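The values are calculated or read from the model by the stated rules, or taken from the named source; none is laboratory data. Keep in mind the model is a prediction, meaning the values are calculated, not measured. Please note: Cβ atoms are built from the backbone with ideal geometry, for glycine as well, and neighbour counts cover all protein chains shown. With ligands, DNA and RNA removed, areas are computed over all heavy atoms of the protein, side chains included. Shrake-Rupley method; radii C 1.70, N 1.55, O 1.52, S 1.80 Å.
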Amino acid sequence: LLDLTLPDSHELDTFERVQAQVQAPEIPIVVISGLDDEALAIEAVRRGAQDYLVKSYLGSYVLARTIRYAIERKRMEQELKRYREHLEELVEQRTAEVLRTNRALKAEIAERKRAGEALRETADYLDSLMSHASAPIIVWDPGFMITRFNHAFELLSGYTADEVVGQELHILF
């Protein structure tokens, strides 16, 4: 309990000095004053006081209830502070995980782009070989469906690509 109307007290300066000197921050401070000053009361609570009591309205019941509520509010503040700190730690951990995953995904995307480019280069090279080869070449899939053949094969077989691609291989025999 902090009385702001004692001779050595200087209103909220006294509250701030006491608050700074308190060794245990979980100890709630209830301000008592002879002044019925609503602005002062609001400012005291805004600065961290648990409550503001006016001496002329003070009775044993009000004082006991105020102390109980102040202790409970301070306990809840401390619990909320611990919970907030815990949540901040979780957010930092999750953020770090997301950043690691993001870096891994970027590396994987870059690798896939490189692989895709290599695959395109290989496909272009094979297309060039196939179209410029003088030997007949025919390509089919595992189900024996013709997927492509070159110009030399067209000359040899007499079929055009439109007639044969997508057909089963046995139509050529």
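DSSP loop (so not H, G, I, E, B), at most 16 other Cβ within 10 Å: list which trypsin sites (Lys or Arg not before Pro) in the stretch 26-133 pass both filters. Sparse-neighbourhood loop trypsin sites (Lys or Arg not before Pro): R47. Charge dipole (Cα centre; +1 on Lys/Arg Cβ, -1 on Asp/Glu Cβ; no other charges) of the chain amounts to roughly 520 debye. Heavy-atom surface analysis with a 1.4 Å probe gives the chain a carbon and sulfur content of 58 percent of its accessible area. Tell me, what is the FRET efficiency for E16 and R103 to the nearest 0.05, using R0 = 41 angstrom and their Cβ-Cβ distance as r? Computed FRET efficiency for E16 and R103 comes out at 0.30. Within the stretch 42-93, the proportion of Cα pairs with more than 12 Å between them is 72 percent. For the chain, the solvent-accessible area with a 1.4 angstrom probe is 74 square angstrom per residue. Computed over the chain, the per-residue total of -39500 (n - 2.57) for DSSP H runs of n ≥ 4 gives a 222 nm mean residue ellipticity of -20500 deg cm²/dmol, rounded to 500. Once backbone amide H atoms are built at 1.01 Å from N, L2 has V30, V31, I32 as its partners under 5 Å, excluding neighbours fewer than 5 places away on the same chain. Out of (1) 24, 19, 17; (2) 21, 18, 16; (3) 91, 16, 12, which label holds the value of semi-axes √(5λ) of the Cα gyration tensor in Å that was computed here? Comparing each candidate, only (3) matches the computed number.
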